Amino acid sequence: MYANPWMVVREDQIRRPDGTDGIFGVIDKPDYALIVPADGDRLHLVEQFRYPLGMRRWEFPQGTAPNRADADPAELAARELREETGLRAGSMVQIGTLDVAPGMSSQRGRVFLATDLAEGPPEREHSEQDMRAAWFTRDELTDMIRRGEVTDAQSVAALGLLLLHERELTGR
């Protein structure tokens, strides 16, 4: 139905379990990596204009590589972190997987915890030139979520994965 380097929209003819015919609209997008950069109580977020929403939004660094769909997720995560924030991680651990919108999209994300961070200059793509980056405490981030300043579903879910990961490490 429609295709560009970032997505394909298709309509599938399906047969339901009861034998009736139907259609299903699907958005195929390359898998992505989302990175939770953590330094003690501080978490690093980026803010950028999100065209479909018509507003700027804070979120964890994340991205995909449509021309490198078979890229190693950890390499993609390291590249996105460096591009968007300039940070380089001494440790990058996958803490979960997210399905963006499984009722309409095939896209999946791998969530990484980045620690032992070194700062450097960001290497942003042209479309990311207006991006800002900043550190927030966990309390500040949860307050931003409550106030509707952080509404990116993947970022909110990634925070939940971080909390579960930490719970597993501490046994609590």
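Counting only strands (runs of 3 or more DSSP E) that fall entirely inside segment 35-137 and contain at least 1 residues that are among the acidic types (D, E), on the phi < 0 side of the Ramachandran plot and surrounded by fewer than 15 Cβ atoms within 10 Å (Cβ to Cβ), the qualifying elements are 88-99. Yes or no: D116 out of contact with any strand residue (DSSP E or B) (no Cβ under 6 Å at 6 or more places or on another chain), among the charged types (D, E, K, R) and modelled with pLDDT of 95 or more? For D116, the condition - out of contact with any strand residue (DSSP E or B) (no Cβ under 6 Å at 6 or more places or on another chain), among the charged types (D, E, K, R) and modelled with pLDDT of 95 or more - is not met.
Residue count for segment 72-121 satisfying the condition of being under 12 Å from V36 (Cα atoms), touching a residue at least 40 places away in the same chain (Cβ under 8 Å) and of a type in the set (S, T, Y): 2. Among the residues of segment 144-169, the ones that are in contact with a Phe, Trp or Tyr (Cβ under 9 Å, 6 or more places away or on another chain), acidic (D, E) and outside any loop (DSSP other than H, G, I, E, B) come to 0 in all. Pairs linking a residue in segment 54-71 that is within 12 Å of D152 (Cβ to Cβ) and modelled with pLDDT of 80 or more to a residue that is surrounded by 11 or more Cβ atoms within 10 Å (Cβ to Cβ) and among the small types (G, A, S), with Cβ atoms under 6 Å and 6 or more positions apart or on different chains, are E59/S155; F60/S155; F60/A158. Checked against the criteria, R15 does not count as of a type in the set (D, E, K, R) and either surrounded by 13 or more Cβ atoms within 10 Å (Cβ to Cβ) or within 20 Å of V100 (Cα to Cα) (or both). Restricted to segment 122-152, and to residues there that are among the small types (G, A, S) and in contact (Cβ under 8 Å) with a residue 24 or more places away in the chain, the residue that is nearest to T85 (Cα to Cα) is A133.
The values are calculated or read from the model by the stated rules, or taken from the named source; none is laboratory data. Because the structure is predicted, anything quoted here is derived from the model rather than measured. Don't worry about glycine lacking a Cβ; one is built from the backbone with ideal geometry, like all the others, and counts go over all protein chains shown.
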